[in-house]
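K.L.:
Handing you this structure, nothing more for now.
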Amino acid sequence: MELCLTYDMRTPDFGAARNRLYDAALDQVAWADDLGFDLVGLGEHHGSEDGYNPSPLILASAMAARTRNLKIRTSVLLAPLYDLPKLAEDAAVTQTISNGRLLLGIGAGYRPSEFETFGRDLKDRWKFMGETCQFLRLAWTGEPFEWQGRRCHITPAPEPGPPPILLGGSSPAAARRAAHIADDWFPPLDARLWPPYRDECIAIGKTDPGPYPAQGPIFLWISEHPDKDWEWIYPHVCHQLISYSTWTREAFGKAAGPYAGGITPETVRQSPAYRVLTPEQSLALFSELGDDTVLYLNPLLAGIEPARAWEMLRLFENQVLPYLQQ
């Protein structure tokens with residue numbers, strides 16, 4: 001079972017103060033590293049009213065300095081918004097600080113306002129994704145190279161070697177593209193997008209990546225009193241869902257996703273994606289999912305108070321984790 005923490009660092013008006021959330025996130029990854037967690041995932045968005053983290057590599061470097069074994073994945077970095085030489089340099093330094101623990105997940109993005117802010121054209125984003133993979137591989141050799149009519153030399157080279165490039169996306173076409181240009185495929189927790197990637201890898205002679213691991217809820221909260229905790233958790237979950245609904249409406253003209261038709265306490269609580277469970281219920285869920293499962297904890301979702309987050313994490317540490325390690 002892979003244990004993963006996730007952070008987007010949203011700070012809505014009703015949430016905890018931003019500096020306290022960043023402090024807590026750094027302390028929490030150190031805690032997770034000591035307990036043997038596998039991974040931390042960091043998102044990226046720009047121009048978000050709640051301050052969604054726009055700088056995943058900076059936060060990744062800070063987390064790398066507080067940990068020794070935890071892998072750090074950008075989930076995902078919006079590559080079309082970056083200057084490629086600077087992206088290559090910053091990722092190389094982050095990889096070196098982490099001693100090889102960076103997983104560079106990159107995505108094409110979808111929000112028109114973000115592309116406008118950076119002076120980029122949304123329609124060119126997938127072309128730029130291919131160029132990004134090509135440029136980074138040339139850049140990370142540490143040797144001079146020619147790129148679109150100019151001489152480039154990116155130093156220092158990442159140590160102990162280049163980070164793997166994971167391609168994010170939400171379509172079968174993106175999955176097949178990942179087989180050709182990236183080191184791995186990072187679908188948005190949608191098992192239907194794994195077979196196109198796996199089949200394409202096999203078809204072009206790459207190593208079979210194997211079956212898609214079972215996925216735990218995107219938000220799991222361990223609680224001794226689930227009904228009581230749902231009352232204060234729901235506004236944080238609702239904030240996240242409304243935000244994504246607004247962004248997809250901006251991009252596609254209508255809301256997309258599982259709650260596009262209506263977000264209510266009842267629909268959210270009935271969802272398998274957002275769960276508040278007792279330790280016993282959590283263990284029953286994990287047993288049902290099996291050993292080849294990715295388990296996510298998002299302790300600071302949309303500004304959750306760090307003290308409450310720590311209470312949940314300690315409950316996980318004391319009443320759940322020992323049974324997972326047997």
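K.L.:
Counting only GluC sites (Glu not before Pro) that sit in a DSSP loop (anything but H, G, I, E, B) with at most 15 other Cβ atoms within 10 Å, what is the longest stretch of the chain containing none of them? Can you show the working numbers first?
P.N.:
Numbers: sites that count: GLU49, GLU224.
Result for the longest clean stretch: 50-223.
K.L.:
While we're here: With the contact rule set at Cα under 8 Å and sequence spacing of 6 or more, what percent relative contact order holds for region 119-266? Intermediate results must be reported in sequence, preceding the final value.
P.N.:
On the way: 122 pairs, mean separation 16.2, N = 148.
Relative CO of region 119-266 lands at 11 percent.
K.L.:
So with the 1.4 Å probe, I'd like the accessible area per residue for the chain, rounded to whole Å².
P.N.:
Accessible area per residue: 46 Å².
K.L.:
If you filter region 227-326 for trypsin sites (Lys or Arg not before Pro), then keep DSSP loop positions with at most 14 other Cβ within 10 Å, what is left?
P.N.:
Filter output for region 227-326: LYS254.
K.L.:
Need one word for region 9-48: rounded, prolate or oblate. Basis is the Cα gyration tensor (sqrt eigenvalues a ≥ b ≥ c); a/c below 1.5 gives rounded, then a/b vs b/c decides.
P.N.:
Judged from the Cα gyration tensor, region 9-48 comes out oblate (a/c at least 1.5, b/c at or above a/b).
K.L.:
Related question: List the chymotrypsin sites (Phe, Trp or Tyr not before Pro) in region 25-101 that DSSP assigns to loop (not H, G, I, E or B) and whose Cβ has at most 11 other Cβ atoms within 10 Å. Which are they?
P.N.:
Answer by residue number: there is no such site.
K.L.:
Okay, moving on. When only alpha-carbon atoms count, how far does region 72-157 stretch along each of its three principal axes, as whole angstroms with the largest first?
P.N.:
Principal-axis extents of the Cα atoms in region 72-157, largest first: 34, 34, 18 Å.
K.L.:
Translational diffusion coefficient, Stokes-Einstein: compute it for region 191-326 using the Kirkwood radius over C-alpha pairs as Rh, at 10 °C and 1.306 mPa s, and state it as an integer in µm² s⁻¹. Show your work: numbers first, answer last.
P.N.:
Values: Rh = 17.0 Å.
D = 93 µm²/s.
K.L.:
Only bridges whose two residues both fall in the chain count here: according to DSSP, what percent of them are antiparallel, nearest 5?
P.N.:
That works out to approximately 10 percent antiparallel.
K.L.:
Can you pull the percent of region 196-326's accessible area that's carbon plus sulfur, 1.4 Å probe, other chains left in place?
P.N.:
The nonpolar share, carbon plus sulfur, comes to 51 percent.
K.L.:
Under the definition of Cα pairs under 8 Å and six or more residues apart, what whole-number percent is the relative contact order of the chain? Spell out each step's value before the answer.
P.N.:
Values: 558 pairs, mean separation 65.7, N = 326.
In percent, rounded to a whole number, it is 20.
K.L.:
What is the distance in Å between the Cα centroid of region 157-226 and that of region 16-83?
P.N.:
Centre-to-centre (Cα) distance: 19 Å.
K.L.:
At 0.36 nm per residue, minus the direct Cα-Cα distance, what do ILE58 and TRP147 gain on full extension? Give it in nm, one decimal, please.
P.N.:
Going from the current span to full extension adds 29.4 nm.
K.L.:
Would you please classify the overall shape of region 267-326 from the alpha carbon gyration tensor, given that a ≥ b ≥ c denote the square roots of the eigenvalues, rounded means a/c under 1.5, and beyond that prolate means a/b larger than b/c while oblate covers the rest?
P.N.:
oblate
K.L.:
Another question, then. Viscosity 1.002 mPa s, temperature 20 °C: what is the translational diffusion coefficient of region 91-227 from Stokes-Einstein with a Kirkwood Rh over Cα pairs, rounded to a whole number of µm²/s? Present the calculation step by step, with values, prior to reporting the outcome.
P.N.:
Details: Rh = 17.2 Å.
Estimated via Stokes-Einstein, D reaches 125 µm²/s.
K.L.:
Tell me, what % of the accessible area of region 1-148 is carbon and sulfur with a 1.4 angstrom probe?
P.N.:
In region 1-148, the share of accessible area belonging to carbon and sulfur is 49 percent.
K.L.:
Percent of Cα-Cα pairs per 10 Å bin, from 0 to the last occupied bin, for region 3-85, please list those.
P.N.:
Calculated P(r), rounded to whole percents: 18, 49, 28, 5.
K.L.:
Separate question: Take the Cα coordinates of region 1-149, assign each an equal point scatterer, and use the Debye formula without solvent to give log10 I(q)/I(0) at q = 0.12 Å⁻¹.
P.N.:
For region 1-149 at q = 0.12 Å⁻¹, log10 I(q)/I(0) is -0.54.
The values are calculated or read from the model by the stated rules, or taken from the named source; none is laboratory data. Quick caveat, the model's predicted, so the values are computed rather than measured. Every residue, glycine among them, receives a Cβ derived from its backbone with ideal geometry; neighbour counts consider all protein chains shown. The area values use the complete protein model at the heavy-atom level, side chains included, leaving out ligands, DNA and RNA. Shrake-Rupley method; radii C 1.70, N 1.55, O 1.52, S 1.80 Å.
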